[in-house]
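Report on the following structure.
The values are calculated or read from the model by the stated rules, or taken from the named source; none is laboratory data. Remember, predicted model here, so these are calculated numbers, not experimental data. Here the Cβ positions follow ideal geometry from the backbone for every residue, glycine too, while neighbour counts run over all protein chains shown. The accessibility values were calculated without ligands, DNA or RNA, using every heavy atom of the protein model including side chains. Shrake-Rupley method; radii C 1.70, N 1.55, O 1.52, S 1.80 Å.
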Amino acid sequence: MADRMGHWPTGRMLSAVARRIEREWNAHLDAWQLNHASLPVLFLLSRAPLSQRELARASGVTEQTMSRIVARLERSGYVERRPHERDRRRHEVVLTPPGRTVLAEAGDPAAAEALSVRGLSPNQVEQLRDLLATMLAAHPRDTDDDELGPPPAPPARSQVGP
């Protein structure tokens, strides 16, 4: 099977790996009733309350999509919608204490890193990261999908790999 996939175009291989990692990550996050779309919202809200419009813009999704994400997080008790302090016509989304707890547990960058680089040696991880950084630089950004800022520092090299 690996031989058959070796003939796939590079883009298809990247896409297949990304989808598989996303499915595994969603399965991991399901223990907290989260998914790959809702966890970044919790990270954004850990900095400060934001409106749904601001969350949508920062996440690179439509306001309609963000409305569904926020509703799911609200049902789980991780966020609340509150009237804006200075403008009662507006609402802001606020991270709750249970939301902060789940963010600390589910948002562990070591778990995400381990899942993403399973099967690679530390040297291969370093090479992959260099290649991905080069590819990202060569492809212009058309959304604010990395608005979250720099990701947390990766785990120490001794923790990365199989």
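Just checking my list (i) 30; (ii) 19; (iii) 36 against percent of Cα pairs over 28 Å apart computed from this structure; which label fits? From the options (i) 30; (ii) 19; (iii) 36, the structure gives (i). For Asp108, the accessible surface of its heavy atoms amounts to roughly 60 Å² (probe 1.4 Å, protein chains only, rounded to the nearest 10). In region 39-99, the portion of solvent-accessible area held by carbon and sulfur atoms comes to 48 percent [1.4 Å probe, whole percent, DNA, RNA and ligands not counted].
Leaving ligands and nucleic acids out of the surface, order Met13, Met66 by accessible area at 1.4 Å, largest first. Intermediate results must be reported in sequence, preceding the final value.
Details: Met13 80, Met66 0 Å².
The residues order as Met13, Met66, largest area first.
Whenever you get a sec, line up His28, His84, His91 from highest to lowest accessible area (probe 1.4 Å, protein heavy atoms).
From most exposed to least exposed: His91, His28, His84.
With a 10 Å radius around each residue's Cβ, average the other Cβ atoms per peptide and rank 112-122, 69-79, highest first. Write down the numbers at each step before the final one.
Working: 112-122: 14.9, 69-79: 18.4.
Final packing ranking: 69-79, 112-122.
A convex hull fitted to the Cα coordinates of region 1-78 yields 113 cubic angstrom per residue. Between the C-alpha center of region 92-106 and that of region 22-41 there is a gap of 14 Å. The length gained on full extension between Asn123 and Val94, counted as 0.36 nm times the residue separation minus their Cα-Cα distance, comes to 6.4 nm.
Quick check for you: with a 1.4 Å probe and neighbouring chains kept, what is the accessible area per residue of the chain, in Å²?
Numbers: 10820 Å² over 162 residues.
Normalised by residue count, the accessible surface of the chain is 67 Å².
Heavy-atom accessible area for Arg129, with the other protein chains in place and a 1.4 Å probe, reaches approximately 120 Å². Couplings 3J(HN,Hα) of region 15-30, computed from phi: 5, 5, 5, 4, 5, 5, 5, 4, 4, 5, 5, 4, 4, 4, 6, 4 Hz, in residue order, whole Hz [Karplus 6.51 cos²θ - 1.76 cosθ + 1.60, θ = phi - 60°; x for Gly and Pro].
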